[in-house]
1. Using the per-residue mean of other Cβ atoms lying within 10 Å as a proxy for protection, in what order, highest first, do the peptides 145-156, 183-194 fall?
2. Hey, what do the phi angles of segment 200-212 turn into as Karplus ³J(HN,Hα) couplings, whole Hz, using 6.51/-1.76/1.60 and θ = phi - 60°, x for Gly and Pro?
3. How would segment 280-357 be classified by its alpha-carbon gyration tensor: rounded, prolate or oblate, with rounded meaning a/c under 1.5 and the a/b versus b/c comparison settling the rest?
4. Charges only on Cβ, +1 for Lys and Arg, -1 for Asp and Glu: so what's the dipole of the chain about the Cα centre, in debye to the nearest 20?
5. Could you give the length gained on full extension between ALA244 and GLU389, defined as 0.36 nm per residue of separation minus the Cα-Cα distance, in nm?
6. Expected output is a single nm value to one decimal: the length gained when fully extending between THR83 and VAL154, i.e. 0.36 nm times separation in residues minus the C-alpha distance. What is it?
7. In the chain, what is the count of Lys pairs whose alpha carbons are under 27 Å apart, counting only pairs at least 8 residues apart or on separate chains?
8. For the chain, modelled as a Gaussian network with Cα springs under 10 Å, which listed residue fluctuates most, ALA99, ALA216, ALA179?
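The values are calculated or read from the model by the stated rules, or taken from the named source; none is laboratory data. In this text the structure is predicted, and so the values were computed from the model without any measurement. For neighbour counting, all protein chains shown are included, and Cβ atoms are generated from backbone atoms with ideal geometry for every residue, glycine included. We work out accessible area using only protein heavy atoms, side chains counted, and drop any ligands, DNA or RNA first. Shrake-Rupley method; radii C 1.70, N 1.55, O 1.52, S 1.80 Å.
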Amino acid sequence: MSDDTIDTGCQEYQTLARRDFLTMAGGVGLAAFVPTWLPQVVMAQSSNSSRDIVVSVFLSGGTDGMSMVVPYGDPDYYTGRPTIAIARPDAAAGTANRATNLDGFFGFSPGMAPLYPAYQAGDLLVAHATGSVDNSRSHFDAQRYIEVGKPRDVNVAGGWLGRHLATSAPLRSDAPLRAIGFTAGLPKTLELGPKALPIPNPTNFTIGGNVATATARTQWLAQNYSQAVNPVSANALDSTNTIALLQSINITGYRPANGAVYPTSGFGNVLRSTAALIKADVGVEAIHAFKGGWDTHSNQGNVPGMDGQGMHNNMLDLANALAAFHADVVQGTTTYGVTVVVISEFGRNARENGDRGTDHGRGNVAFTMGRKINGGRVLTNGWPGLAREVLESGQDLRVTLDHRDILAEIVQNRLGNPNLGVIFPDYTPRFRGVTKP
């Protein structure tokens, strides 16, 4: 959920400062700017450590995880979805659009099949029957609770990635930009993160207003705010330095490695730009993006030729973009390792509705990808089953794996941050073997 709240001040400055920076000037120790809301924490290690860059993707709309990763080994999946189920991998010869077998029980739908090479390489972990312990079916509430890292608490400030950044030293001490949200307003997930900016398109990020005078106005801001007190000075300098930084990276001309081809869609362009930023090694260490279109109440279209195949096309775009990113970045050469996390606010009903779609549900899938992810498998905390008598409220896949277990393990083991009590307030996570040394 983006936050487009604008501070007071002129429009031009509002554009530069869409959010409250918790920042520091280059070369100044982080401890001098530790925000007052933070309890005593242990700062995560900086620079030449083995910390990963994290790419966080939120599938907004509540995606149907059982159409992405099909529990074909559960016969009740076919009972509950007589018209929209994906065919088993071992369905009779000639059966169209069969699932790709993963482990003898789960399979990728045809739309997710481009991710099979990453799964086979052991770099992709699928978690199933996962989600939030909060049972809200409101998109807004469910997404907010996931973004802030604590369910059923409207008073939590900031997001889980923002608090990670606030409790860790930067990977590069001179970086003007530590985190980017590919949005018009700063995503809740990144709120309270120092040097985090919403940048919808880094190829044309600049100061608002007349393009002809943008350079002169940017220089004016840098000159006039450089002597101001912090954090005003640091914010202004970081903003102007970010503009210069992004203009120095040839994102438009970026050439992926290993023959990777990104879709020309909006999400494909986001991951392509993410790859360019990571390989430029400019200090960006957290990227957050959204991919919507998953609220499939009618004519879901899970496979080619079905009801306009909307869900299939959306899955295919997601999978093709992630597959390209895997070949280009995860299997490519980067200064720091990279971990990708993909999550949604909730799943869909286990049983299809009367309009060949699915309504808001509970348990869902999540994906993590990276060289240090213990992948090539489907992780469950016991498959809860799809028989009507075991469904939550008689209609939903139960959540048996709290999504914070997955995120917390990544934060500690891959992002090098031990402050899990701050990042996920009032929760004691249980590590599930998501990562590997």
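1. Details: 145-156: 19.2, 183-194: 24.1.
Order by mean packing, descending: 183-194, 145-156.
2. Rounded to whole hertz, the list is x, 9, x, 6, 9, 5, 7, 6, x, x, 5, 4, 5.
3. Taking the square roots of the gyration eigenvalues as a ≥ b ≥ c, segment 280-357 is prolate.
4. Numbers: 34 positive and 36 negative charges, 155 e Å.
With Lys and Arg at +1 and Asp and Glu at -1, about 740 debye.
5. 46.3 nm
6. On the way: separation 71, 0.36 × 71 = 25.56 nm, distance 3.94 nm.
Length difference between fully extended and current span is 21.6 nm.
7. 16
8. Between ALA99, ALA216, ALA179, it is ALA216 that shows the largest mean-square fluctuation.
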